[in-house]
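Working notes, beginning with the structure itself.
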Ligand code: ATP
Ligand code: MG
């Protein structure tokens with residue numbers, strides 16, 4: 001079973017953070033022990049889990065620089081029922097500060113090794129770029145989960161990401177696989193969505209999750225309340241979609257074992 005997943009796409013605003021927070025909460029709702037790592041200086045996954053990024057004392061930044069360990073930095077999200085290693089704008093400095101560190105692409109992997117056994121799933125919310133932070137996520141992860149919108153340029157961006165995954169596999173992390181592609185903010189009535197969807201399935205086959213995440217206003221509202229959508233409105237289409245995604249992932253994992 002692949003349990004350390006980097007939720008990544010260098011394209012911005014495709015639903016990485018929404019997926020990280022709501023998948024974490026949905027997996028937790030099915031009694032999985034979940035750790036969410038916020039690896040984006042925007043700190044959106046932190047805020048969306050109900051943790052105020054402005055008052056965080058120890059964050060993933062301190063962990064990467066070796067100034068704190070994972071158990072010191074993690075906090076519990078009461079609304080999501082999972083643990084979070086928070087991030088805030090300090091993390092933007094990490095790339096420069098890690099320049100002289102040996103094996104700087106492996107800081108996250110090494111830090112995770114100390115807590116890995118305590119969790120069934122570890123999700124890493126990546127920033128919208130292919131920088132050192134993302135490379136740390138790709139080195140630490142066993143697989144990538146790629147949220148994407150079915151738009152005209154989506155496939156182009158995807159091929160860059162697939163190339164990056166290949167390079168990381170060759171040079172740094174031979175284990176790394178593509179766990180799945182998740183269609184987000186999906187509008188089944190749009191012809192373009194259907195076309196891009198068909199092309200995705202042609203290229204990636206059953207790596208494309210059957211579950212699609214519809215555009216749903218409750219998903220967009222939940223972060224302003226600092227809660228996953230499951231807590232805000234469990235009957236909403238968004239909540240049901242992320243529960244279905246968690247179910248699909250668990251079924252896939254069970255089928256492999
Ligand atoms: P970034 O690249 O900046 O980190 P991201 O890929 O993490 O962005 P999100 O922050 O999850 O993307 O989503 C971008 C915006 O779209 C947010 O305002 C979010 O609330 C909204 N959004 C995400 N998914 C949905 C959805 N299924 N329905 C409606 N709104 C959504
Ligand atoms: Mg994000």
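Table for the structure above
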{"quantity": "Estimated 222 nm signal from helices in the chain, with DSSP H stretches of n ≥ 4 weighted -39500 (n - 2.57), rounded to 500", "calculated": "-12500 deg cm²/dmol"}
{"quantity": "Relative contact order for segment 139-257, counting Cα pairs under 8 Å that sit 6 or more residues apart, in percent", "calculated": "23 percent"}
{"quantity": "Net lengthening on full extension, residue 30/residue 203 (0.36 nm per residue, minus Cα-Cα)", "calculated": "59.1 nm"}
{"quantity": "Share of Cα-Cα pairs in segment 40-107 lying beyond 20 Å, as whole percent", "calculated": "26 percent"}
{"quantity": "Fully extended contour minus Cα-Cα distance, from residue 97 to residue 224, at 0.36 nm per residue", "calculated": "42.5 nm"}
{"quantity": "Estimated Rh, the chain: Kirkwood, alpha-carbon pairs, angstrom", "calculated": "18.1 Å"}
{"quantity": "For segment 134-179, the fraction of alpha-carbon pairs in successive 10 Å shells from zero, as %", "calculated": "27, 53, 19, 1"}
{"quantity": "Per-selection metrics, segment 91-193 (Cα): Rg and Dmax in Å", "calculated": "15.6, 51"}
{"quantity": "Spin-label pair residue 257/residue 55, simplified geometry with 7 Å Cα→Cβ offset, distance in nm", "calculated": "3.9 nm"}
{"quantity": "Taking the chain and dividing mean pair separation by its residue count, relative contact order in percent (alpha carbons under 8 Å, at least six apart)", "calculated": "26 percent"}
{"quantity": "Stokes-Einstein translational diffusion, segment 198-249 - Kirkwood Rh over all Cα pairs, 1.306 mPa s, 10 °C, in µm²/s", "calculated": "132 µm²/s"}
{"quantity": "DSSP-defined antiparallel bridges as percent of all bridges, the chain, nearest 5", "calculated": "10 percent"}
{"quantity": "Distance-filtered residues of segment 15-58 - backbone nitrogen under 11 Å, label point 7 angstrom along residue 234 Cα→Cβ", "calculated": "29-30"}
{"quantity": "P(r) tail fraction, segment 1-129 - alpha-carbon pairs more than 19 Å apart, %", "calculated": "43 percent"}
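Computed from the coordinates by the stated procedures, all read-outs in this text should not be read as laboratory data. What you are looking at is a predicted structure, and each value in this text was computed from that prediction instead of being measured. Here the Cβ is made from the backbone with ideal geometry for all residues, glycine too, and neighbour counts use every protein chain on show.
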